[in-house]
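Novice: Structure below; questions to follow.
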Amino acid sequence: MNIHQNARLTPVRREEMALAVIAGQLSKAQAARAFGVCSKIVTRWTDRFLAEGREGMQDRSSRPKMIPNQTAEPLAGRIITLRRQRLCGRHIALQTGVSPATVSRVLRRAGLSRLRDLAPAEPIVRYEYREPGGLIHLDIKKLGRFERVGHRITGDRTGQSNGRGVGWEYVHICIDDASRIAVTSIYPDEKAVSAIAALRSAVAYYQSLGVTVTRVMTDNGSCYKAKTFATACKALNLKHIRTKPYTPKTNGKAERFIQTALREWAYACAYATSDQRKTRLPEWTHMYNWHRPHGSLNSKPPISRLGQPMDNLLRFHI
């Protein structure tokens with residue numbers, strides 16, 4: 001219950017007032033003055049307490065018990081049926097012979113005002129492989145190259161177009177489904193040759209941590225659909241899984257990692273050139289894997305999922 005900010009009585013005060021009148025401690029006129037209300041209000045709450053007790057001190061809905069002019073149930077049901085056939089309000093009004101305003105009220109009451117209400121979003125299915133290496137996610141992020149501080153920092157887009165020949169670079173990312181340990185690398189394109197190189201680099205890195213990769217998930221990009229990529233997966237004994245088209249949430253861990261990388265690395269500071277930004281990537285990836293608290297890992301870094309000693313500097317930690 002939401003008490004109005006200017007309300008003079010709360011349920012507790014109403015009960016105190018009613019009890020004081022019933023016990024004869026105060027007359028209704030005295031109670032009205034003491035509690036800052038009129039005698040009519042005192043009578044209302046006193047009678048309600050006598051009839052219903054403490055439960056009667058709660059607020060009640062102001063909606064009337066009967067609404068004579070409300071749209072009849074059969075007609076409202078027909079309006080809802082037509083709406084479920086994805087007809088618009090005016091179309092429904094023409095078919096039922098009522099005004100568009102009436103149709104709008106019926107649909108609002110039924111919670112069907114918006115088309116998206118007709119087909120609620122599918123529930124989010126979260127999954128996580130138990131063992132590191134059971135599934136790795138691959139994805140690519142295209143970033144523009146630059147030779148001076150970019151417009152995201154300065155706000156000046158003059159000379160920022162890649163039509164000048166500065167070009168693009170592509171961040172190939174890999175993230176382990178169970179541990180969230182990430183591997184990043186930058187290549188000049190998003191072709192199959194680069195994707196295969198990124199995959200081999202990732203598999204080798206996980207092997208250095210004692211993790212054997214068995215499955216890889218990608219989207220339906222041309223580099224991942226190439227026969228050479230399939231051959232590379234076969235040579236590495238990897239089962240290749242592709243996401244459902246137009247369903248990026250299937251590969252959500254990679255998508256989320258890209259968001260984090262853009263916020264905390266790519267656009268975190270004013271790099272003088274894209275080469276300087278590129279040089280910073282390995283350092284940031286190391287920080288992400290070994291030091292940065294991860295929300296889905298109880299604020300522990302991804303490396304904690306491997307059970308590796310955090311002080312083993314000679315072999316793992318640099």
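The values are calculated or read from the model by the stated rules, or taken from the named source; none is laboratory data. Predicted model only: the values in this text are computed from it and were never measured. Note that we place each Cβ from the backbone using ideal geometry, even for glycine, and neighbour counts take in every protein chain shown.
Novice: For region 260-309, which positions are in contact with a Ser or Thr (Cβ under 7 Å, 6 or more places away or on another chain) and not in a helix (DSSP H, G or I)?
Specialist: PRO293
Novice: Another question, if that's okay. What number of residues in region 13-25 are more than 17 Å from ARG60 (Cβ to Cβ) and assigned to a helix (DSSP H, G or I)?
Specialist: Going through region 13-25, the residues more than 17 Å from ARG60 (Cβ to Cβ) turn out to be 16-17, 19-25.
Filter again for assigned to a helix (DSSP H, G or I), leaving 16-17, 19-22.
Selection size over region 13-25: 6.
Novice: Another question, if that's okay. So which residues in region 187-202 are among the basic types (Lys, Arg) and buried (at least 20 other Cβ atoms within 10 Å of the Cβ)?
Specialist: Of everything in region 187-202, nothing turns out to be among the basic types (Lys, Arg) and buried (at least 20 other Cβ atoms within 10 Å of the Cβ).
Novice: Need pairs with beta-carbon distance below 6 Å; first residue touching a residue at least 40 places away in the same chain (Cβ under 8 Å) and within region 106-121, second assigned to a helix (DSSP H, G or I); sequence gap 6+ or separate chains.
Specialist: Listed by first residue and then by second, the contacts come to nothing, as the list is empty.
Novice: Pairs needed: first member in region 61-74, surrounded by 10 or more Cβ atoms within 10 Å (Cβ to Cβ); second member anywhere, among the hydroxyl-bearing types (Ser, Thr, Tyr); C-beta distance under 7 Å; at least 6 residues apart or different chains.
Specialist: THR71/THR102
Novice: Let me confirm something: among ALA51, ALA32, ALA18, which residue is at pLDDT 90 or above and in contact with a Cys (Cβ under 9 Å, 6 or more places away or on another chain)?
Specialist: Just one listed residue meets the conditions, ALA32.
Novice: In the list ARG14, ARG83, ARG78, ARG90, which residue meets the criterion of being more than 30 Å from ILE3 (Cα to Cα) and surrounded by 18 or more Cβ atoms within 10 Å (Cβ to Cβ)? Before the answer, list the steps.
Specialist: On the way: ARG14 fails: more than 30 Å from ILE3 (Cα to Cα); ARG78 fails: surrounded by 18 or more Cβ atoms within 10 Å (Cβ to Cβ); ARG90 fails: surrounded by 18 or more Cβ atoms within 10 Å (Cβ to Cβ).
Selected residue: ARG83, the only one of ARG14, ARG83, ARG78, ARG90 that is more than 30 Å from ILE3 (Cα to Cα) and surrounded by 18 or more Cβ atoms within 10 Å (Cβ to Cβ).
Novice: Could you name every one of the helices (runs of 4 or more DSSP H) located completely within region 178-259 that has at least 2 residues being in contact with a strand residue (DSSP E or B) (Cβ under 6 Å, 6 or more places away or on another chain) and modelled with pLDDT of 95 or more?
Specialist: Per the criteria, 192-208.
Novice: Could you check ALA51 against (1) assigned to a helix (DSSP H, G or I); (2) within 38 Å of the chain's Cα centre (by Cα); (3) exposed (fewer than 11 other Cβ atoms within 10 Å of the Cβ) and say which number it fails?
Specialist: (2)
Novice: Can I ask one more? Restricting the search to region 231-252, which residues are exposed (fewer than 14 other Cβ atoms within 10 Å of the Cβ), free of Cβ contacts under 8 Å to residues at least 24 places away in the same chain and not charged (D, E, K, R)?
Specialist: Hits for region 231-252 are THR231, ALA235, ASN237, TYR246, THR247.
Novice: So, one more: Checking the condition surrounded by fewer than 11 Cβ atoms within 10 Å (Cβ to Cβ) and either within 21 Å of the chain's Cα centre (by Cα) or not assigned by TED's automatic domain parsing to the domain that holds ARG256 (or both), which residue from GLY97, GLY155 passes? Before the answer, list the steps.
Specialist: On the way: GLY155 fails: either within 21 Å of the chain's Cα centre (by Cα) or not assigned by TED's automatic domain parsing to the domain that holds ARG256 (or both).
Only one candidate passes the filter, namely GLY97.
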